[in-house]
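First the structure, in the form of structure tokens, and then the observations on it.
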Amino acid sequence: MTAATVPDIATLRIGVLCGGDSPERPGSLASGRHAHSALTAAGLTAELIDVADASVSGLKGAIDVALLGLHGLGGEDGKIQGALDTAGIPYSGSGVLASAIGMHKPTFKKLVTQARIDTPRWAVVDPDISVSATMSIVRHSIGYPVFVKPSSGGGSLAAGIAWDEAQLRPMIEAAAEPGHYAEYLIEEYIAGIPCTVGLVQVDGRLVVLPVHDVESKNEFYDYESKHDPSQREEHCPSILPDQTTQTMAHTAQAVYHLLGAHGVLRIDYMASSAGRNSLLEVNTLPGLSEHGNLATMARAGGIPYPELIQHLVRTAFTKPGYLP
Ligand SMILES: Nc1ncnc2c1ncn2[C@@H]1O[C@H](COP(=O)(O)OP(=O)(O)OP(=O)(O)O)[C@@H](O)[C@H]1O
Ligand SMILES: [Mg+2]
């Protein structure tokens with residue numbers, strides 16, 4: 001589809017979907033509020049919709065397009081995308097398939113490993129095998145320290161480092177308990193600097209935004225340092241060597257196409273002191289807060305926040321076609 005077929009968004013009723021019941025609800029409400037303010041301040045017709053209080057089928061006929069400010073399970077994993085497809089409502093960002101793969105870190109890691117892209121070695125915690133057997137797999141195939149996180153999580157929630165077996169054992173036991181997350185992932189720990197690269201479609205063209213790097217004052221880039229600017233030091237454009245940032249930017253584009261992502265994607269890496277750029281994960285619906293990473297990268301790339309949000313709305317009309 002060419003840019004000429006994108007409707008004038010000034011003629012549309014834009015539903016800004018946010019909230020929901022994901023563990024990432026607070027961040028999503030912030031995404032929704034900021035994006036909604038930017039659209040209305042630009043004179044556009046936009047409604048803020050908390051998906052915890054609204055059914056997608058009920059939005060049919062009430063909005064012309066959905067801007068997704070949802071993050072995590074239920075919002076970023078293909079479910080709402082499928083419901084919107086079924087209701088015939090165009091929506092920003094990736095479709096069902098890329099959303100689902102992007103949300104499930106082990107599946108995504110298999111995909112990039114096949115393409116020979118560096119990602120930390122990993123094992124999935126299988127509740128059907130004993131804790132001792134899992135410890136043995138980790139000892140032989142990964143080594144210590146390791147990083148433990150939900151397979152389908154986000155926002156650094158329920159994640160942490162295990163420096164040795166004594167620390168890992170209770171984490172594996174806790175992973176089997178009922179909670180938000182059905183599955184956990186154990187990864188090779190990469191010491192280094194967390195980096196992220198944003199990609200956004202502008203007038204039908206994929207723009208690679210400047211790399212963002214961050215040094216957390218905590219043990220890793222955890223929930224607290226993501227939400228409290230005094231707990232981190234960040235740079236955008238990144239102060240890492242050009243060769244590092246160029247490699248990340250290049251890999252990011254490859255990942256976008258490999259995943260079949262659409263419109264926007266944020267790709268997270270660890271830049272290790274040993275020169276490794278290891279791909280951690282992707283975010284098909286990155287945070288939309290005005291001072292979040294995506295908006296910061298966009299500004300550094302010459303795209304002011306209100307324009308970024310409008311470009312995202314337009315991505316609803318440039319999807320190449322339906323993929324399951
Ligand atoms: N294998 C690893 N080695 C070292 N640190 C890691 C590793 N995996 C994750 N981390 C740390 O945890 C942070 C969050 O990891 P990751 O991006 O994989 O999770 P997330 O919760 O999905 O993040 P997001 O907020 O982007 O959704 C990283 O920035 C990094 O500081
Ligand atoms: Mg991340």
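Brief remarks follow.
- Test: residue in segment 216-234 that is within 22 Å of P306 (Cα to Cα) and either modelled with pLDDT of 95 or more or among the acidic types (D, E) (or both): no
- Scope segment 259-308; condition in contact with a Cys (Cβ under 9 Å, 6 or more places away or on another chain) and of a type in the set (D, E); matching residues: D268
- Residue count for segment 79-121, restricted to those that are among the charged types (D, E, K, R), in contact (Cβ under 8 Å) with a residue 40 or more places away in the chain and in a loop (DSSP other than H, G, I, E, B): 2
- Restricted to segment 128-161, and to residues there that are among the hydroxyl-bearing types (S, T, Y) and loosely packed, with under 15 Cβ neighbours inside 10 Å, the residue that is nearest to ligand 1 (Cβ to nearest atom) is S141.
One line per residue, one yes/no per condition, for (1) surrounded by 21 or more Cβ atoms within 10 Å (Cβ to Cβ); (2) in a loop (DSSP other than H, G, I, E, B); (3) under 15 Å from the mean Cα position of the chain (by Cα):
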residue	(1), (2), (3)
E233	no, no, no
P237	no, yes, no
Q243	no, no, no
A252	yes, no, yes
A261	yes, yes, yes
R266	yes, no, yes
S278	no, no, no
V282	yes, no, yes
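- Of the residues in segment 198-206, at least one is surrounded by 13 or more Cβ atoms within 10 Å (Cβ to Cβ) and within 15 Å of ligand 2 (Cβ to nearest atom).
- Across segment 73-99, the number of residues qualifying as within 19 Å of L199 (Cα to Cα) and among the small types (G, A, S) comes to 6.
- Within segment 129-150, the residues that satisfy the criterion of being over 22 Å from E219 (Cα atoms) and touching a residue at least 12 places away in the same chain (Cβ under 8 Å) are V131, T134, M135, I137, R139, S141.
- Test: residue in segment 266-286 that is at pLDDT 95 or above, farther than 19 Å from D222 by Cα and more than 16 Å from ligand 1 (Cβ to nearest atom): no
- Segment 255-280 residues that are on the phi > 0 side of the Ramachandran plot, paired with ones that are among the small types (G, A, S) and more than 10 Å from ligand 1 (Cβ to nearest atom) (beta carbon under 9 Å, 6 or more apart): G260/S94; G260/G95; G260/A98; G263/S92; G263/G93; G263/S94; G263/A316
- Subset of segment 7-27 [assigned to a helix (DSSP H, G or I), within 22 Å of L157 (Cα to Cα) and in contact (Cβ under 8 Å) with a residue 60 or more places away in the chain]: G27
- For segment 140-155, the criterion of a residue being at negative phi, of a type in the set (F, W, Y) and within 21 Å of the chain's Cα centre (by Cα) is satisfied by at least one position.
- Pick from segment 84-113, criterion hydrophobic (A, V, I, L, M, F, W, C) and under 15 Å from the mean Cα position of the chain (by Cα), ranking: surrounded by the fewest Cβ atoms within 10 Å (Cβ to Cβ): L97
A quick yes/no check of all residues on (1) over 20 Å from L288 (Cα atoms); (2) of a type in the set (F, W, Y); (3) touching a Pro at 6+ places or on another chain (Cβ under 6 Å); (4) surrounded by 18 or more Cβ atoms within 10 Å (Cβ to Cβ):
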{"site": "H34", "(1), (2), (3), (4)": "no, no, no, yes"}
{"site": "T40", "(1), (2), (3), (4)": "no, no, no, no"}
{"site": "E47", "(1), (2), (3), (4)": "no, no, no, no"}
{"site": "S55", "(1), (2), (3), (4)": "yes, no, no, no"}
{"site": "A66", "(1), (2), (3), (4)": "no, no, no, yes"}
{"site": "L73", "(1), (2), (3), (4)": "no, no, no, yes"}
{"site": "G78", "(1), (2), (3), (4)": "no, no, no, yes"}
{"site": "G82", "(1), (2), (3), (4)": "yes, no, no, no"}
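- Selection of strands (runs of 3 or more DSSP E) fully inside segment 143-219 by the criterion of at least 3 residues being in the same structural domain as S273 (by TED's automatic domain parsing) and aliphatic (A, V, I, L, M) returns 192-202, 205-208.
- Segment 162-180 - residue that is of a type in the set (G, A, S) and crowded, with 20+ Cβ neighbours inside 10 Å and, of those, farthest from the chain's Cα centre (by Cα): A162
- Under the condition of being part of a loop (DSSP other than H, G, I, E, B) and either among the hydroxyl-bearing types (S, T, Y) or in contact with a helix residue (DSSP H, G or I) (Cβ under 9 Å, 6 or more places away or on another chain) (or both), the residues counted in segment 122-137 number 5.
The values are calculated or read from the model by the stated rules, or taken from the named source; none is laboratory data. Note that the structure is predicted; figures quoted are calculated from it, not measured. Counting neighbours? That spans all protein chains shown, and the Cβs are built from the backbone with ideal geometry, glycine included.
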